[in-house]
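The values are calculated or read from the model by the stated rules, or taken from the named source; none is laboratory data. Because the structure is a prediction, the values reported are computed rather than measured. Here the Cβ positions follow ideal geometry from the backbone for every residue, glycine too, while neighbour counts run over all protein chains shown. Heads up: the accessible areas ignore ligands, DNA and RNA and are worked out on the full protein's heavy atoms, side chains in. Shrake-Rupley method; radii C 1.70, N 1.55, O 1.52, S 1.80 Å.
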Amino acid sequence: MHNFAGEKLKELLDKNGVSFRELALQTEKHPAIWSQVINGTKRLSVDLAIRLSKTFPETGNVQMWLTMQFNSDLLNAKEQDGPMYRNIKPFKE
């Protein structure tokens with residue numbers, strides 16, 4: 001399963017020596033939320049992306065974070081294409 005935003009966040013936390021607790025205090029979000037984002041059990045929402053772009057302004061803007069989440073979602077959906085979308089057929093013209 002792809003989780004580009006979570007991987008980037010983990011990289012930033014490690015690089016800057018920041019704990020989940022410190023991130024939580026800085027962003028006013030519970031540490032478990034950030035743990036879930038990194039582990040891929042929670043999608044990165046617009047709200048969380050805004051908070052990250054303000055906390056790590058050198059990494060880019062809100063769109064960068066949301067693009068990473070979108071790309072993960074798209075790749076994950078494509079990989080599940082068979083079982084999830086098997087019975088969907090196009091309209092006949």
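When residues of segment 68-88 are filtered for being over 18 Å from Met1 (Cβ atoms) and either under 13 Å from the mean Cα position of the chain (by Cα) or modelled with pLDDT of 95 or more (or both), how many remain? Break it down into steps so the answer makes sense when it comes.
Here is the first cut: in segment 68-88, the residues over 18 Å from Met1 (Cβ atoms) are 86-88.
Cutting the leftovers down to either under 13 Å from the mean Cα position of the chain (by Cα) or modelled with pLDDT of 95 or more (or both) gives us none.
Residues flagged as over 18 Å from Met1 (Cβ atoms) and either under 13 Å from the mean Cα position of the chain (by Cα) or modelled with pLDDT of 95 or more (or both) within segment 68-88 amount to 0.
For the residues Asn71, Asn76, the requirement of being open to solvent by 50 Å² or more (accessible area, probe 1.4 Å) and touching a residue at least 40 places away in the same chain (Cβ under 8 Å) singles out Asn71.
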